[in-house]
Amino acid sequence: RPLCVAGGAGAFLPAATATTRRHLSSRNRPEGKVLETVGVFEVPKQNGKYETGQLFLHSVFGYRGVILFPWQARLYDRDVASAAPEKAENPAGHGSKEVKGKTHTYYQVLIDARDCPHISQRSQTEAVTFLANHDDSRALYAIPGLDYVSREDILPYTSTDQVPIQHELFERFLLYDQTKAPPFVAQETLRAWQEKNHPWLELSDVHRETTENIRVTVIPFYMGMREAQNSHVYWWHYCIRLENLDSDVVQLRERHWRIFSLSGTLETMRGRGVVGREPVLSKEQPAFQFSSHVSLQASSGYMWGTFRFERPDGSHFDVRIPPFSLESNKDEKTPPSGLHW
């Protein structure tokens, strides 16, 4: 079926899913905009991997994107029943079960810049950050328009447009080749960029847990170590997605973090919302994604906690954040070079 957008100005699809809107209806159409067909949907893969250059619509956030390359991650899914007995309370969590990681493929993708303004209230589009390479050890920089997606996020489509995705890296990384399927192949610049900057891009662990139909997914990244006031400070970046799997409307009101450091310290943090927002999760807009950073004066630690949600009747409930480890890499990283934004 055709994939349509309004005047090429963005995929105005509220939370598209595999079983929902295949094209825009008139009630979603911005005033004065005309629908344009930008491609044709393909059947999503049930098995196997998507290739570099595959165009897709994000099944949750509705943006158009293209796959750059896959990463193999260990998925720790606490929603999957485990034969392991319950563990006692430990620094890593709230008496939760032993969970074994299973290999799962995630993809590094480019987001169409035309769609970024329309998803900015639901998802941050700067999913890759790194430390600054100068004396200011607190400076952080972000690479815009990159995301990490699983196979379940991908609604594949094809397009006859030789530049179907608007992103400053698209034509630097991908080359149109009509003899290939998909017809966009990796240029040497993409392979060189991946090899050079993989410490900033590679994800190794994904953690997931559902409480009262609110699913929390966490992806942590080690960013490196900096020296500050004669001590070492280790930095991590983490992405969190909140998904409402129910039809009831809920709103995130508070966050409550616990951060355990290998040095023996336990820090508690509580505050309103996340990243300055208190997102509403509804049937029409079921997900919210954000990222943040944490630093420790030790090479490893754990984070866990809860998000407090409010129902329309004013009642509250707590959603567990799956405990995840903060591990440093053996080889210390230096910030990527040759990147100009």
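Observations on the model:
- Meets criteria (modelled with pLDDT of 90 or more, small (Gly, Ala, Ser) and more than 16 Å from Val163 (Cα to Cα)) for Gly32: no
- In segment 268-299, the residues that are touching a residue at least 40 places away in the same chain (Cβ under 8 Å) and over 21 Å from Ser123 (Cα atoms): Ser295, Leu296, Gln297, Ala298, Ser299
- Leu252 fulfils the conditions (1) open to solvent by less than 50 Å² (accessible area, probe 1.4 Å); (2) over 21 Å from Asp77 (Cα atoms); (3) at pLDDT below 95 except for a single criterion, (3).
- Options Arg241, Arg320: the member that is modelled with pLDDT of 95 or more, under 22 Å from the mean Cα position of the chain (by Cα), under 30 Å from Cys116 (Cβ atoms) and among the charged types (D, E, K, R): Arg241
- Meets criteria (out of contact with any strand residue (DSSP E or B) (no Cβ under 6 Å at 6 or more places or on another chain) and either at negative phi or open to solvent by less than 70 Å² (accessible area, probe 1.4 Å) (or both)) for Thr210: yes
- Residue tally, condition among the aliphatic types (A, V, I, L, M) and either part of a strand (DSSP E or B) or under 17 Å from Gln166 (Cα atoms) (or both), over segment 60-82: 5
- Search result, residues across segment 140-150 that are surrounded by fewer than 19 Cβ atoms within 10 Å (Cβ to Cβ) and either touching a Gly at 6+ places or on another chain (Cβ under 8 Å) or assigned to a helix (DSSP H, G or I) (or both): none
- Picking from residues in segment 40-59 that are in contact with a Ser or Thr (Cβ under 7 Å, 6 or more places away or on another chain) and not in a strand (DSSP E or B), the one that is least open to solvent (accessible area, probe 1.4 Å) is Ser59.
The values are calculated or read from the model by the stated rules, or taken from the named source; none is laboratory data. Being a predicted model, the structure only gives us computed values, none of them experimental. Neighbour counts run over all protein chains shown; Cβ positions are idealised from the backbone, glycine included. Quick note on the areas: whole protein, heavy atoms, side chains included, nothing else; ligands and nucleic acids left out. Shrake-Rupley method; radii C 1.70, N 1.55, O 1.52, S 1.80 Å.
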